[in-house]
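Working notes, beginning with the structure itself.
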Amino acid sequence: AGGLAHTCGIGFGGQTSCWGRNVNGQLGTGSREDALRPVAVSGEASFQDLVAGWNHTCGLSAGGRLSCWGANREGQIGDGTQVDRLVPTGVAGSFQGVAAGANHTCGISGSEVLCWGGNAFGQLGDGTTENRSTPTPVTELPGPAIMVAAGAVHTCALLADRTAYCWGQNLHGQLGDGTNQNRSEPV
(Lines give C-alpha, C1' and ligand atoms only; values in the text may rest on other atoms or scores of the structure.)
Protein backbone atom coordinates (compact mmCIF):
# COMPACT_ATOMS: atom_id res chain seq x y z
CA ALA A 1 0.00 0.00 0.00
CA GLY A 2 1.33 3.44 -0.87
CA GLY A 3 0.48 6.68 0.91
CA LEU A 4 1.60 10.20 0.14
CA ALA A 5 5.22 9.54 1.14
CA HIS A 6 5.18 6.13 2.82
CA THR A 7 4.78 2.51 1.78
CA CYS A 8 3.69 -0.63 3.65
CA GLY A 9 3.73 -4.29 2.70
CA ILE A 10 3.06 -7.78 4.00
CA GLY A 11 6.03 -10.13 3.82
CA PHE A 12 5.92 -13.82 2.93
CA GLY A 13 6.02 -14.70 6.63
CA GLY A 14 3.04 -12.45 7.35
CA GLN A 15 5.04 -9.65 8.98
CA THR A 16 3.81 -6.16 8.08
CA SER A 17 6.52 -3.58 7.48
CA CYS A 18 6.45 0.08 6.47
CA TRP A 19 9.01 2.64 5.30
CA GLY A 20 9.26 6.29 4.28
CA ARG A 21 7.91 9.43 5.93
CA ASN A 22 6.61 9.01 9.47
CA VAL A 23 5.82 12.47 10.86
CA ASN A 24 2.31 11.31 11.92
CA GLY A 25 3.20 7.74 12.90
CA GLN A 26 1.94 6.28 9.61
CA LEU A 27 4.64 3.57 9.73
CA GLY A 28 3.11 2.10 12.90
CA THR A 29 6.46 1.63 14.62
CA GLY A 30 5.69 3.53 17.83
CA SER A 31 7.79 6.53 16.82
CA ARG A 32 7.71 9.46 14.40
CA GLU A 33 11.12 8.66 12.93
CA ASP A 34 11.32 8.24 9.14
CA ALA A 35 12.61 4.90 7.85
CA LEU A 36 14.77 4.44 4.75
CA ARG A 37 14.21 0.66 4.82
CA PRO A 38 11.25 -1.54 5.80
CA VAL A 39 10.65 -1.65 9.56
CA ALA A 40 8.21 -3.94 11.35
CA VAL A 41 4.86 -2.52 12.39
CA SER A 42 4.37 -2.75 16.16
CA GLY A 43 2.19 -5.44 17.69
CA GLU A 44 1.21 -9.00 16.95
CA ALA A 45 -1.47 -8.31 14.35
CA SER A 46 -1.34 -10.27 11.13
CA PHE A 47 -2.94 -8.49 8.19
CA GLN A 48 -4.28 -9.87 4.92
CA ASP A 49 -4.86 -6.45 3.36
CA LEU A 50 -3.33 -2.99 3.76
CA VAL A 51 -4.51 0.42 2.56
CA ALA A 52 -2.83 3.79 2.93
CA GLY A 53 -4.14 7.33 2.94
CA TRP A 54 -1.89 10.31 2.64
CA ASN A 55 -0.59 10.02 6.21
CA HIS A 56 -2.44 7.07 7.74
CA THR A 57 -2.47 3.32 7.20
CA CYS A 58 -4.98 0.56 7.94
CA GLY A 59 -4.61 -3.20 8.08
CA LEU A 60 -7.40 -5.77 7.84
CA SER A 61 -6.91 -9.19 9.45
CA ALA A 62 -8.32 -12.47 8.12
CA GLY A 63 -10.83 -12.43 10.99
CA GLY A 64 -12.25 -9.04 10.02
CA ARG A 65 -10.45 -6.97 12.64
CA LEU A 66 -9.45 -3.54 11.32
CA SER A 67 -6.60 -1.51 12.80
CA CYS A 68 -5.42 1.93 11.69
CA TRP A 69 -2.47 4.14 12.61
CA GLY A 70 -0.91 7.50 11.73
CA ALA A 71 -2.50 10.93 11.19
CA ASN A 72 -5.83 11.38 12.91
CA ARG A 73 -6.52 15.13 12.85
CA GLU A 74 -9.74 14.54 10.93
CA GLY A 75 -10.69 11.28 12.68
CA GLN A 76 -9.41 8.96 9.91
CA ILE A 77 -8.20 6.34 12.43
CA GLY A 78 -11.81 5.75 13.53
CA ASP A 79 -11.18 5.43 17.26
CA GLY A 80 -13.33 8.40 18.32
CA THR A 81 -10.40 10.81 18.75
CA GLN A 82 -8.33 13.24 16.70
CA VAL A 83 -5.04 12.09 18.24
CA ASP A 84 -2.34 10.63 15.95
CA ARG A 85 -1.75 6.94 16.64
CA LEU A 86 1.82 5.66 16.40
CA VAL A 87 0.85 1.98 16.57
CA PRO A 88 -2.07 -0.03 15.14
CA THR A 89 -5.29 0.97 16.90
CA GLY A 90 -8.45 -1.13 16.62
CA VAL A 91 -11.58 0.15 14.89
CA ALA A 92 -14.84 -1.09 16.41
CA GLY A 93 -16.69 -3.66 14.32
CA SER A 94 -15.91 -6.44 11.89
CA PHE A 95 -14.97 -5.64 8.30
CA GLN A 96 -14.74 -7.50 5.00
CA GLY A 97 -13.11 -4.72 2.97
CA VAL A 98 -11.42 -1.36 3.50
CA ALA A 99 -10.33 1.67 1.48
CA ALA A 100 -8.40 4.81 2.40
CA GLY A 101 -8.62 8.24 0.82
CA ALA A 102 -6.40 11.21 1.57
CA ASN A 103 -7.84 11.81 5.05
CA HIS A 104 -10.77 9.41 5.24
CA THR A 105 -11.33 5.67 5.58
CA CYS A 106 -14.25 3.46 4.57
CA GLY A 107 -14.98 -0.18 5.23
CA ILE A 108 -17.58 -2.81 4.48
CA SER A 109 -19.18 -4.24 7.59
CA GLY A 110 -21.80 -6.89 6.82
CA SER A 111 -23.52 -5.44 3.78
CA GLU A 112 -23.14 -1.85 4.95
CA VAL A 113 -20.48 0.72 4.04
CA LEU A 114 -19.15 2.75 6.98
CA CYS A 115 -16.88 5.79 6.58
CA TRP A 116 -14.97 8.10 8.92
CA GLY A 117 -12.44 10.96 8.82
CA GLY A 118 -12.37 14.10 6.69
CA ASN A 119 -15.64 15.00 4.99
CA ALA A 120 -15.21 18.47 3.46
CA PHE A 121 -16.54 17.26 0.09
CA GLY A 122 -19.07 14.70 1.36
CA GLN A 123 -16.67 11.78 0.86
CA LEU A 124 -18.15 9.96 3.89
CA GLY A 125 -21.52 9.67 2.14
CA ASP A 126 -23.61 10.43 5.22
CA GLY A 127 -25.42 13.44 3.73
CA THR A 128 -23.23 15.99 5.54
CA THR A 129 -19.82 17.61 5.23
CA GLU A 130 -18.95 17.08 8.91
CA ASN A 131 -15.86 15.08 9.86
CA ARG A 132 -16.53 11.84 11.77
CA SER A 133 -14.10 10.11 14.14
CA THR A 134 -16.03 6.82 14.35
CA PRO A 135 -17.44 4.59 11.60
CA THR A 136 -20.63 6.19 10.26
CA PRO A 137 -23.06 4.48 7.84
CA VAL A 138 -23.23 5.69 4.26
CA THR A 139 -26.83 6.70 3.61
CA GLU A 140 -29.06 5.81 0.68
CA LEU A 141 -27.14 2.84 -0.75
CA PRO A 142 -29.89 0.77 -2.40
CA GLY A 143 -28.33 -2.62 -1.69
CA PRO A 144 -25.49 -4.54 -0.05
CA ALA A 145 -21.94 -3.52 -0.93
CA ILE A 146 -19.27 -6.02 -1.91
CA MET A 147 -16.37 -3.65 -2.58
CA VAL A 148 -15.33 -0.11 -1.63
CA ALA A 149 -12.68 2.15 -3.18
CA ALA A 150 -11.51 5.66 -2.30
CA GLY A 151 -9.84 8.47 -4.19
CA ALA A 152 -8.32 11.42 -2.37
CA VAL A 153 -11.70 12.99 -1.54
CA HIS A 154 -14.30 10.74 -3.13
CA THR A 155 -15.50 7.18 -2.50
CA CYS A 156 -17.23 4.49 -4.57
CA ALA A 157 -18.92 1.21 -3.68
CA LEU A 158 -19.75 -1.76 -5.87
CA LEU A 159 -23.03 -3.36 -4.89
CA ALA A 160 -23.97 -7.04 -5.06
CA ASP A 161 -26.11 -6.36 -8.16
CA ARG A 162 -22.94 -5.02 -9.89
CA THR A 163 -24.07 -1.38 -9.87
CA ALA A 164 -21.65 1.27 -8.64
CA TYR A 165 -22.39 4.29 -6.48
CA CYS A 166 -20.02 7.16 -5.75
CA TRP A 167 -19.98 10.25 -3.51
CA GLY A 168 -17.69 13.13 -2.52
CA GLN A 169 -15.79 15.61 -4.65
CA ASN A 170 -16.83 15.72 -8.29
CA LEU A 171 -14.79 18.61 -9.70
CA HIS A 172 -13.62 16.53 -12.66
CA GLY A 173 -16.65 14.26 -12.99
CA GLN A 174 -15.05 11.45 -10.96
CA LEU A 175 -18.44 10.38 -9.57
CA GLY A 176 -19.64 9.43 -13.05
CA ASP A 177 -23.09 11.01 -12.74
CA GLY A 178 -22.72 13.37 -15.70
CA THR A 179 -22.12 16.46 -13.53
CA ASN A 180 -19.27 18.14 -11.71
CA GLN A 181 -21.37 18.73 -8.57
CA ASN A 182 -20.04 17.39 -5.25
CA ARG A 183 -22.33 14.81 -3.63
CA SER A 184 -22.60 14.01 0.08
CA GLU A 185 -24.77 10.95 -0.64
CA PRO A 186 -24.26 8.12 -3.13
CA VAL A 187 -25.16 8.67 -6.80
Scope the range 72-95; condition open to solvent by less than 10 Å² (accessible area, probe 1.4 Å), assigned to a loop (DSSP other than H, G, I, E, B) and in contact with a Lys or Arg (Cβ under 9 Å, 6 or more places away or on another chain); matching residues: ASN72, GLY75, ILE77, GLY78, PHE95
Selection status of LEU171, open to solvent by 30 Å² or more (accessible area, probe 1.4 Å) and assigned to a loop (DSSP other than H, G, I, E, B): yes
Would you mention how many residues in the range 148-187 are more than 18 Å from ALA99 (Cβ to Cβ) and touching a residue at least 40 places away in the same chain (Cβ under 8 Å)? 1
Does THR136 qualify as being open to solvent by 70 Å² or more (accessible area, probe 1.4 Å) and either of a type in the set (Val, Ile, Thr) or modelled with pLDDT under 95 (or both)? no
Close pairs from the range 60-87: first on the phi > 0 side of the Ramachandran plot and modelled with pLDDT under 95, partner open to solvent by less than 40 Å² (accessible area, probe 1.4 Å) and not in a loop (DSSP other than H, G, I, E, B), Cβ under 9 Å, at least 6 apart: none
Going through the range 97-126 in order, the residues found to be assigned to a loop (DSSP other than H, G, I, E, B) and over 13 Å from the mean Cα position of the chain (by Cα) are GLY110, SER111, ALA120, PHE121, GLY122, GLY125, ASP126
If I filter the range 19-59 down to residues being without any contact (Cβ under 8 Å) to a residue 40 or more places away in the chain, over 18 Å from VAL83 (Cα atoms) and open to solvent by less than 40 Å² (accessible area, probe 1.4 Å), which single residue comes out as nearest to the chain's Cα centre (by Cα)? PHE47
Kindly list the number of the only condition in (1) open to solvent by 10 Å² or more (accessible area, probe 1.4 Å); (2) more than 14 Å from the chain's Cα centre (by Cα); (3) over 18 Å from GLN48 (Cβ atoms) that fails for GLY63. (3)
Which residue is nearest to GLY110 (Cα to Cα), if the candidates are limited to the range 140-163 and must be in contact with a Leu (Cβ under 8 Å, 6 or more places away or on another chain) and loosely packed, with under 15 Cβ neighbours inside 10 Å? PRO144
Only unsatisfied item for CYS115, checking (1) farther than 15 Å from GLY25 by Cβ; (2) surrounded by fewer than 17 Cβ atoms within 10 Å (Cβ to Cβ); (3) in contact (Cβ under 8 Å) with a residue 40 or more places away in the chain, is (2)
Does ASP126 meet the test of being buried (at least 19 other Cβ atoms within 10 Å of the Cβ) and of a type in the set (Asp, Glu)? yes
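The values are calculated or read from the model by the stated rules, or taken from the named source; none is laboratory data. From a predicted model like this one, the values you see are computed outputs, not experimental measurements. FYI the Cβ positions are ideal-geometry reconstructions off the backbone, even for glycines, and counts take in every protein chain you see. What goes into the accessible areas is simple: the full protein's heavy atoms, side chains included, and nothing from ligands, DNA or RNA. Shrake-Rupley method; radii C 1.70, N 1.55, O 1.52, S 1.80 Å.
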